[in-house]
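A quick write-up on the structure given underneath.
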Amino acid sequence: MNTFMAIMSQLFWGVTVGALTVTASAIGKLLLLGGAVGGAAWWALRRLRLRDR
């Protein structure tokens, strides 16, 4: 029984750490994408304003 519980504990922590890693990675990618899109929009609007002067 001790071996079974040790295996289940390792499996639980492996899944938990894996899920947290995937979540952090997804959040990081979304922030990076949002920053890139926001930066491109800011650059385009800035260029448009400078052209209209």
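The values are calculated or read from the model by the stated rules, or taken from the named source; none is laboratory data. Here the structure is a predicted model, which means the values were calculated and not measured. The area values use the complete protein model at the heavy-atom level, side chains included, leaving out ligands, DNA and RNA. Shrake-Rupley method; radii C 1.70, N 1.55, O 1.52, S 1.80 Å.
Values as computed for the structure displayed
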{"quantity": "Cα gyration tensor category, rounded, prolate or oblate, for segment 6-47 with a/c compared to 1.5", "calculated": "prolate"}
{"quantity": "Whole-percent carbon and sulfur share, accessible surface of the chain, 1.4 Å", "calculated": "73 percent"}
{"quantity": "Between helix 2-51 and the chain: long-axis angle, C-alpha atoms, 0 to 90°, nearest 10", "calculated": "0 degrees"}
